[in-house]
Each structure stands twice: as C-alpha cells, then as structure tokens.
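One structure below.
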Amino acid sequence: MVRSCWYVIGLGGDFAPETLHETMVAGRVLVVWRDRAGGLHALDGRCAHKRFPLAKGRLLEDGTLECAYHGFRYDPEGRCVAVPALAGRHEHLERLRCVARFPVVEQTGVVWVWPGVGEPPSGPPSTPELEEPGWQVAVRGPWRLRADAQLLIENLLDLTHFYPLHAGNIGTFADASVPVEVSRSSDGSPPLLTCTRRRRAFHFGPTKARWFGCDVGDNDATHAMVTPGMFRVEERGGPVGSLEAGLARGFVLYQFITPVRAGELAWWRLVCSPETLEVEGEQRPLAEVVAEDCEVVVAQDAWALEEQQRMVDLGDEGFREVQVRTDAPVVMARRLLADLEGSVDAEPAAVAQ
Ligand code: FES
Ligand SMILES: [Fe+2]
C-alpha cells in the first residue's frame, strides 16, 4: 500500500465545524476536524497516553482536543498542552509533538489527507473541472469495498473487462480488443500512467450510444492514473467525424481511490460536464445521466473486486498468473506502485519542537 500520497477522505460538506471524525487511511487511524474558522486538522487518532480513540473526546473553547479517558489535551499540532493528573507540571510534554499531525487540505470542495511520512513535496492533484463555471458535477460514493485499492487501480486501467463484465451497458465484445496507447511519466510527475483508446465508426453498447447520441460513431477515451489516489477519465464521442469537427460531446470523470487498510478501499466518482442531453423529451445534465448510468457498472466492478479479493486472500500457493499482451498497463501500474511503496515509510516518531 502506498502511504506517501494524497488521498481523499471526503467532501467539504462531510466535515461540519467542531465535530470530530475518525477515519482510516492507508492503515492509519486519524482524528479529523474542522475548527470554528473553517480550517481542517488531522492527528493520529490514538491518544499518546493509553491509545484511547481521540475522536471519542471533545473540542474545548480554546480549540484544543481533550481525550475522553484521562483528559490529556492536544493542540492541533499534536502537542500535549495539559494533563489533569499532573496539575500543571506537564511542560516536558508540551515540548514534544506527542501525537503525529498529518497534512490535510480542502481543494475544489474535496478533502485530502497525506498519511505519509514527513511533509508532502506538493499539494493534492488539481481538479479544476469541479469548480468550472457552467459545469455540472454529479457526485457518487463513497463505496466501501472489501478489496485492496490496487485491485481497483488495475481494474480502471484494464478495459478488456468491458466484455463480459459490462456487456449490456457500457461494454461490447469489440470493446475488449480496442487497441490501447500507454504512456508513462518519465520523471514521476503526474499523471503517472495514461491509457488512450480511440474508437472510430464503432458499434457502441447501449449506454455509450445514449451518451453520444448514435449507435455507430467515434469515441476518444483517456484513463489517467494521476496518482495512486486519483484517476482522471476524459471521454468524448458522437457520430462518425464529429470528434475531428469539434461536434462531439463529453465529460471528465474524477475517481478517488483511498486505501482504507489492506483489503479495504473507499471509492468516489465525480462526473463533470457543461453539456446536456435530451432524455425522453427533457434536457438533462450529461454529468448526471452518466453518473446514473454508471451505478450498475460500479455494482458490477464492486462485485468483481470483492470476489477477486476473496481469492487473493487464499494466498499464492499453487497459483500462477497468466499475463497476456493486453495486460501491459496493469503490469506497468504494478511496477509503479511497487516503486512508490519501496521509496518510503518509517514511522513518524515524537518530534521535539
Ligand atoms: S488515554 Fe487519553 S488521556 Fe489517557
Ligand atoms: Fe469496470
């Protein structure tokens, strides 16, 4: 599991002021809250005294967090600023960051946390379409799946599963063999991996036929693993020749994948588009139609990933994986993730200020 990465823990509206939330990201339990001024804070969720969950405590008038067990008080930096049993003689603790603090950022309405070691080299990946004037955003999730985040990452790069898993909605038999162009970031900057598929005079499945307004047409689709925590999908499509003529319609889909811990993930999908679509005589936002149509697709993927995880959990004994040519993006993603995992992760120690 890659820890040194920005991961989504919710949308801005999920964090009401002065309410403590317990959340788990990449195997770390965190307590997250929004202060009275709107700022967000994230600390290790375990009290440094006897590991009582800090989210069961309370926020005091001065903005400190009081543990519900013995009353150790922490400031938003994780410094212990009061210990009732020591009656004021706690200065030695105040010099320590007793509880680890984690960077947390709200950006275009999305809340991101960095569960890695040390400070992140840069901010969360950019998501400009989430607040583009005139664009609609349709939000779905979070789905919580009993599956490793890596299985979802592999799924999103590998559209050869459009048949048979999604046959009858977004997929057809022919989708499984659409050629894919793969490009990998040369210097580790995002996007890490990008897969592009171009379909021309293609017989769409029923869902894409609806989105693009024709049974046979052209479609460009780009699936980018921006970071292990975010995919950006861009699709445009329409009748034959419409892409080149600039007459196709399309959308951007952000997918946030957060490893909760080994064998568990959280998944959000936010579809963005400025365009509308006529459905039964009514103009509807394309973003909303796509999000709605994809609910069945997500349920199919969720089923597949949890079934796959059930087999993964049995271990490797007697199993040998067969990789075919079209698994290239998945193999590249595995290497990337292994490199990223290998390049981190000592536990943060209490740091003297
Ligand atoms: S466990 Fe939190 S104060 Fe003792
Ligand atoms: Fe899928």
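Please treat every number below as a calculation from the coordinates, not as lab data. Keep in mind that this is a model prediction, so the values were computed, not measured. When we count neighbours, we look across all protein chains shown, and the Cβ atoms used for this are built from the backbone with ideal geometry, even at glycine.
Values computed for the structure shown
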read-out	value
GNM result for the chain, Cα springs below 10 Å: residue of 221, 85, 16 fluctuating most strongly	85
Distance from region 157-196 to region 44-100 (C-alpha centre basis), Å	48
Charge tally in the Cβ shell below 10 Å around residue 267, where Lys, Arg are +1 and Asp, Glu are -1, residue 267 excluded	+2
Local net charge near residue 329, Cβ-Cβ under 12 Å (Lys/Arg +1, Asp/Glu -1)	+1
The chain: calculated mean residue ellipticity at 222 nm from DSSP helix runs of at least 4, using -39500 (n - 2.57)	-5500 deg cm²/dmol
For the chain, built as a Gaussian network whose Cα springs stay under 10 Å, the top-fluctuating residue of 113, 322, 312	322
Relative contact order computed over region 128-342 (Cα-Cα under 8 Å; 6+ residues apart), in percent	24
Whole-Å distance, taken between Cα centres, linking region 101-151 and region 269-306	20
Kyte-Doolittle mean at least -0.5, axial Cα span of 30 Å or more - DSSP H helices of the chain	286-312
Summed residue charge, Cβ within 11 Å of residue 60's Cβ, Lys/Arg positive, Asp/Glu negative	-3
Under Karplus coefficients 6.51, -1.76 and 1.60, residue-wise ³J(HN,Hα) of region 16-27 in Hz, glycine/proline x	5, x, 6, 10, 8, 10, 9, 9, 10, 9, 6, x
Per-selection metrics, the chain (Cα): Rg and Dmax in Å	23.0, 78
Cα-based Rg and Dmax for region 102-218, where Dmax is the largest Cα-Cα distance (Å)	17.9, 52
Fluctuation leader among 259, 121, 76 - the chain, Gaussian network, Cα springs under 10 angstrom	121
Using a Förster distance of 25 Å, the FRET efficiency for residue 296-residue 183 (Cβ separation, nearest 0.05)	0.20
Between region 198-268 and region 1-24, the alpha-carbon center distance in angstrom	27
Percentage relative contact order, region 189-240, counting C-alpha pairs under 8 Å, at least six apart	40
